[in-house]
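The values are calculated or read from the model by the stated rules, or taken from the named source; none is laboratory data. Source: prediction; values computed, not measured. Cβ placement follows ideal geometry from the backbone for every residue including glycine, while neighbour counts extend to all protein chains displayed. Ligands, DNA and RNA are excluded from the accessible area calculation, which covers all protein heavy atoms including side chains. Shrake-Rupley method; radii C 1.70, N 1.55, O 1.52, S 1.80 Å.
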Amino acid sequence: MQSKKKTVAMLLAGGQGSRLGVLTAEKAKPAVSYGGKYRIIDFPLSNCAYSGIDTVGVMTQYRPLALNTYIGTGSAWNLDTLSGGAYVLPPYSVGESGEWYSGTANAIYQNIGFIEQFNPDYLLVLSGDHIYKMNYKWLLSAHQEKGAAATIAVIPVPIEEASRFGIMNTDADLRIIDFEEKPENPKSNLASMGVYAFDWKVLRKYLSADDINPDSDNDFGKNIIPAMFAGKEKLYAYEYGGYWKDVGTIQSLWEANMELLTEDPPINLYDEGWRIFSRNPNDPPHFVDKGARVTNSMICEGCNIYGTVQNSLLSPGVVVEKGAVVRDSVIMDDTRICADAVVDMSIIDEEVTVGKGALVGEPNDPDKSEKEIVVIARGMEIAPGEIVPAGKEVCHDS
Amino acid sequence: MIREAFGIIYPDLEIPNLRELVEERTVGALPIGGKYRTIDFPLSNMVNSDIRSVGVIVSRKYNSLMDHLGSGKAWDLSGKNEGLFILTPYSLRENPGVYRGMVEALRSSLNFVRKARQEYCVIAGAMSIYNFNYSSMMRFHLESEADITALYHEVDTDYSVDEQSLEVFFELSDDARIRSIEVNPTLTTLTAHSLKSYIIRKDILINLVEECYAKGEYKFSENLLRNNLDRLRIMAYEHKGYVGPLKSVQSYFDLNMALLDPKVREELFQEKNRIFTKAKDSVPAKYYNSADVKGSLIANECIIEGSVENSILFRNVHVGRGAKVKNSILLPSVDVREGAELEYVILDKGVNVKRKSRLIGNENYPIVVGKGGTV
């Protein structure tokens, strides 16, 4: 018997992240790199650790291998405590009725058995798609204070962008009086962050009802929240004021990385009290050669730089050979940019080789708001002298 | 390895010529190569040789070493029954805590030796830096039917001996048996320089240590080895790769600078024999537009606004705008303010360099500023 936990967190990490194109061809979106050494999932996991939540179920489904290996026992995030832990929860079969997770709500429903072991009062539902630092304690205490059945973390967005989000309309007390999924004419600018606190007993009731409803998509935003609303449950919003970035598209992933290179980045990674935990590879410090030039960039350990790197982020183990130029790009683990190759405006996944003298992408045009970003999938080899035009996706089938 | 072994590391014999660098720490805890501590090398060498149980003998100033080692997890040495053991002094009534030599240090650790389940013992120090896998040495030890095998490397005939760090040379027969031992010779033709690392069967080790100690002899090379050259088969095995000695401030400086050579780095940080160290959750290094870095090793969390040439920057070093750092070693959390100039200096942890200050040492006499100092 597990000891009782006041709060259990369930992290939805099964999404394909299809808008990230070839970057998620072999791994789930939460395993995608960000900021050189991090993975997107480091952020919710670190938030849990700092919020005193030591029991985290990570629900995986799509291409879970990279993620399973990455999470391991959860020790990198201090989650390998005696009574807690990070538990990777793939779909499993019960007798003859094994099923994939059909939606976010179904993923939780299928893990009711896991959650019940801890007999929690509150269930925190998180998504593994966003970059943000948040103390879930404040969300939970707001939830308790209001005696809410569900509390949804929201963030103010510019009203002209509000139609891209799930929008919550609240009264002065932040009680949700109406909500709309991607409304054409938004009445409010409070967007759902995909972070929910639930009273577990109430949620369990709605999950069971949802499961037997054949018309349901088994989705939190589309089905569970509307059903709770219709059931006159007390739903509250919790307003979060910090940095929150959805890195669900190539464009937004590139932007989120580039924001770290600005003079005053919107997210502080140096905060001693809220250091983002991640797996730390065992690499020597990075080396910058006599003939190299590195400006306005973030470079990880294990890199060897003999060429030029500008406005870029290099993950561990990247090699930039002599005469090569990397500009306005994100280069992931162990990729090699061979001599005299030029890389502009690209996101290059792990273990790629860009051959000698290849030309990848086109120089950044600061006047263009829609960037044409080259994306190269994991393990690809760009032939020497090859030209990869701006905006192209390079993967095994292309 | 073809036989199971446990390890013993004795990282803290005194090396007085390291001066300020070992004022508050033992040699094993000395930061090296931008992110490591010297003990990472013998520890990783053992782990890479499938040694799963390692005792680390400490005697004085071992606080920062303990902080670094923690549970041993970073080296995969936190097993249930095996793993990392810190062998502190004062564990025996007659042990005063300051050892008169390695034999005495080993004797006070005999409880650990007796309890070890493995048949063989690998002993290593932290007074020089090298990447070595003991598997080949174990094979040699068994094939040559040795009682003790000592690891050595070849040095040039003009090698300068530093008496304070107890340098040991072997005279070898054609089949690599040790014929004689010279300690701190002022003039010698010998070139087989001891790395003070050994393979020895557990029961032989216990007997020799007890016997030597009973006679009031405490030195491993001078007493234990030398007294038994005829009676036992004491063999020598050569390590052919790079060796960086840690004898003095100068050799500490030279050793770090040698790491700027890609060939030396390749030998020390091999893919298949990795050097492990305690990981920190540190942010990648950040270069500003004004940064100008040439020929340097830079650890995570450094913030570089100025120029850095031919230098080694440990974690969390800040080089301000217009500052110039050349031929220098800056340990973790050194802050170099705007316009400061440094050349041939070793700045220990947390040193503050004020705006526009200058500190210029000499290639053959680098200046050391101790922990937390201000320039």
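Structure above, values below:
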{"read-out": "Kirkwood hydrodynamic radius (C-alpha pairs) into Stokes-Einstein, the range A:158-215, 37 °C and 0.692 mPa s, D in µm²/s", "value": "250"}
{"read-out": "Added length on full extension, which subtracts the Cα-Cα distance from 0.36 nm per residue, B:Asn227 to B:Val183", "value": "14.5 nm"}
{"read-out": "A:Lys290 accessible area, 1.4 Å probe, all protein chains in place, Å² to nearest 10", "value": "150"}
{"read-out": "Quarter of the Cα convex hull surface for the range B:133-279, i.e. its orientation-mean projected area (nm²)", "value": "10.9"}
{"read-out": "Surface accessible to a 1.4 Å probe, B:His141 within the full protein complex, Å²", "value": "10"}
{"read-out": "DSSP-loop trypsin sites (Lys or Arg not before Pro) across the range B:105-201, with at most 16 other Cβ within 10 angstrom", "value": "B:Arg117"}
{"read-out": "The protein assembly as shown, helix-only ellipticity at 222 nm - DSSP H runs n ≥ 4, -39,500 (n - 2.57), divided by all residues, nearest 500", "value": "-4500 deg cm²/dmol"}
{"read-out": "Average other protein chain Cβ within 10 Å of Cβ, residues B:300-306", "value": "3"}
{"read-out": "Accessible surface of the range B:2-268 [probe 1.4 Å, protein heavy atoms]: carbon and sulfur percent", "value": "46"}
{"read-out": "Convex hull volume of the range B:286-369 per residue (C-alpha atoms, cubic angstrom)", "value": "62"}
{"read-out": "Where B:Asp175, A:Asp215, B:Asp261 fall by accessible area, highest first, once all protein chains stay in place (1.4 Å)", "value": "A:Asp215, B:Asp175, B:Asp261"}
{"read-out": "Peptide B:288-296, shielding by other chains (average Cβ, 10 Å cutoff)", "value": "6"}
{"read-out": "Cα-based reach from B:Lys202 at 23 Å (exclusive), listing lysines while leaving out same-chain residues under 8 positions away", "value": "B:Lys80, B:Lys115, B:Lys215, B:Lys219"}
{"read-out": "Solvent-accessible area of A:Glu160 with every protein chain in place, 1.4 Å probe, in Å² to the nearest 10", "value": "140"}
{"read-out": "Given chain B, longest segment not containing exposed loop GluC sites (Glu not before Pro) (DSSP; at most 10 other Cβ within 10 Å)", "value": "B:146-270"}
{"read-out": "Using distinct alpha-carbon pairs, which all enter the 1/r mean, Kirkwood radius of the range A:1-113 in Å", "value": "14.7"}
{"read-out": "Residues in the range A:267-292 that, when all protein chains are in place, have 40 Å² or more less accessible area than the chain alone would give (probe 1.4 Å)", "value": "A:Tyr270, A:Arg275, A:Asn280, A:Asn282, A:Pro284, A:Pro285, A:His286, A:Phe287, A:Val288, A:Lys290"}
{"read-out": "Extreme residue, positive dipole direction of the range B:2-268, given options B:Pro185, B:Ser44, B:Leu229 (C-beta unit charges)", "value": "B:Ser44"}
{"read-out": "Solvent-accessible area per residue, Å², over the range B:2-268 with all protein chains present [probe radius 1.4 Å]", "value": "41"}
{"read-out": "Shielding of B:267-275 by partner chains, average beta-carbon count, 10 Å", "value": "1"}
{"read-out": "Shape of the range B:2-268, Cα gyration tensor, a/c cut at 1.5", "value": "rounded"}
{"read-out": "Relative packing of peptides A:171-181, B:327-337, A:216-226 - highest average C-beta neighbours within 10 Å first", "value": "B:327-337, A:216-226, A:171-181"}
{"read-out": "DSSP-defined beta bridges in chain B - what % are antiparallel, rounded to 5", "value": "30"}
{"read-out": "Alpha carbon convex hull of the range A:101-179, volume per residue in cubic angstrom", "value": "143"}
{"read-out": "Listed residue pairs exceeding 22 Å between alpha carbons, taken from A:Lys27/A:Lys201; A:Lys182/A:Lys371; B:Lys196/B:Lys278; A:Lys29/B:Lys35; B:Lys247/B:Lys371; A:Lys4/A:Lys201", "value": "A:Lys27/A:Lys201; A:Lys182/A:Lys371; B:Lys196/B:Lys278; A:Lys29/B:Lys35"}
{"read-out": "Size of the B/A contact, given as accessible area buried on both chains, probe 1.4 Å, in Å²", "value": "3100"}
